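Participant: My structure is below; once you've seen it, I'll send some questions.
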Amino acid sequence: MTVDAASVVELRRTNDFRARVLEISAQLRVAVANGDEAGINRLLGDLLRVKGSSRAQSVALQLRALQSLVYQLRSAAMNDELTGLPNRRGFIQAASRLLDVALRDRCPHRLIYIHLSPQGAAGVPMMALRQMGNKLRDLFPDYGVHEVLGRLGTGEFAALTPRVEYLSRHSILRHIDTTPAGPGSPGIRVDVGIAHFDPLNPVGIDELFARSAQQAMQVRETAHRIASSATGPPMRSDASLTVSGRRQHMSCQD
């Protein structure tokens with residue numbers, strides 16, 4: 001065999017090896033996305049058994065494929081599959097880094113906690129959760145640069161932002177979509193809590209979470225007490241209905 005012919009054979013063998021590695025890598029990505037543990041183990045074995053034109057090339061390409069797989073696994077561990085937002089773990093890591101920058105630059109931030117809960121027995125529809133994820137991306141266009149978003153749990157979302165236009169829960173609620181079966185629809189309750197990060201008196205992300213969640217719960221409990229009072233003692237004839245739907249006595253005594 002001449003030198004040129006040997007080079008052609010070697011090139012063909014290398015190309016076949018690369019094609020096989022790419023094929024297995026693609027199958028691995030699918031197996032990871034589907035949580036197919038048996039398939040992952042089998043494909044990893046196939047990847048390590050692929051024969052290349054040289055040991056050095058084989059090791060280099062297989063290592064690259066494994067690095068890509070590790071990156072994918074790490075990304076999956078940090079992101080919520082339903083909304084595409086960071087999950088609780090991913091949010092905490094990114095938010096902690098952002099707070100370090102905020103402290104360095106002495107820039108106030110706000111942690112906005114949003115909780116969706118069903119009004120009836122059924123859970124929050126997946127469509128409503130997806131819509132909330134999309135709505136948050138619209139509300140915080142600097143997401144991924146100067147802001148952090150995340151889905152923390154079943155109906156829990158959060159945003160860490162320096163924006164001043166969202167200083168109150170009412171400003172957040174005004175911007176939440178009210179489409180049917182979406183956030184703010186009649187069948188879904190939306191509770192919002194906001195905790196302020198002061199770089200001159202800094203606290204950690206866990207403390208901000210606790211403050212914002214507590215505020216949201218207090219608002220919810222207050223609304224529950226108001227709603228319960230509407231079915232309590234009979235109303236006087238001089239009672240009036242406020243904008244919030246709460247019945248309020250004009251006078252407590254005759």
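Participant: Peptides 105-111, 188-194: what's the order by average Cβ count within 10 Å, highest mean first?
Facilitator: 188-194, 105-111
Participant: How much length would be gained if the chain were fully extended between Val203 and Arg88, taking 0.36 nm per residue of separation minus their Cα-Cα distance, in nm to one decimal?
Facilitator: 39.6 nm
Participant: Can you tell me the mean projection area, over all orientations, of the convex hull of region 92-177's alpha carbons? Units nm², please.
Facilitator: 5.8 nm²
Participant: Give, as a single signed number, the net charge of other residues whose beta carbon lies under 14 Å from the beta carbon of Arg110, with Lys and Arg counted +1 and Asp and Glu -1.
Facilitator: -2
The numbers here are math on the coordinates, done by the rules we state, and not lab data. As the structure is a computational prediction, the values presented were derived from the model and not from experiment. All Cβ positions, even for glycine, are placed from backbone atoms using ideal geometry, and neighbour counts span all protein chains on display.
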